[in-house]
Amino acid sequence: MLSELSADPTLQVAVPVLARLARELTFLDSYILPLLEQPERGKDWHMGYCCDGKNGSYSLQVFVWPPGSKTQIHDHSCWGAFCCVIGSLSEKRYERLDGYDLQSNRARLRKVWQRLWRRGDGISTLLPFERGIHRVGNPTESKAISVHLYGPQIGDVDGRDYDPSRDYVCDRRETR
């Protein structure tokens, strides 16, 4: 299925590929179910599997979410899509109230919606930077697992992390 992604995949092409992959029994048996057997690595979410396309054209990542774990509020420098395949995940989306200035470390946010995702609920999609500010977490008492497909990273910034308590934003320069 990943071979169906072109050298320059788009979000519109990636969503049906991710949906089929998340239903594929071979993928679930080989990559997802073994993650349920692993002992907890602590209280933070972690990557359980990663596969990158040629020349960074895409990245497929599987995340394990212990009970109560969550990300920082963040965005990405690429498009992205994810779905929950085990358990439940909460996603909160935000918008910037102050415009988008890459030179500034200030950002005022407002939560615009929140949703609980479960297996079969569909796929959440994100556009780069301010068009995809969100936080994902596991609000339940059981482990959750999600599958994410990201497009090519734009530039050397992986995304930005936000701290609304201080109206602060900073670049995240991790590379895949």
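Just so you know, all these numbers are worked out from the coordinates, no wet-lab data involved. None of the values given here were measured: they were computed from a predicted structure. When we count neighbours, we look across all protein chains shown, and the Cβ atoms used for this are built from the backbone with ideal geometry, even at glycine.
In order along segment 131-144, phi translates into HN-Hα couplings of 8, x, 6, 7, 9, 10, x, 9, x, 9, 9, 10, 5, 10 Hz, rounded to whole numbers, per the Karplus curve 6.51 cos²θ - 1.76 cosθ + 1.60 with θ = phi - 60° and x for Gly and Pro. Applying a DSSP loop filter and a limit of 15 other Cβ atoms within 10 Å to the chymotrypsin sites (Phe, Trp or Tyr not before Pro) in segment 75-174 leaves Y100. Can you pick out the pairs among K54/K143; K92/K143; K54/K111 whose Cα atoms lie more than 29 Å from each other? In this structure, K54/K143; K54/K111 lie more than 29 Å apart at Cα.
If you bin all the Cα-Cα distances of segment 25-86 at 10 Å, starting from zero, the percentages per bin are 17, 48, 31, 3. Across the chain, the relative contact order, built from alpha-carbon pairs under 8 Å that are at least six residues apart, equals 28 percent.
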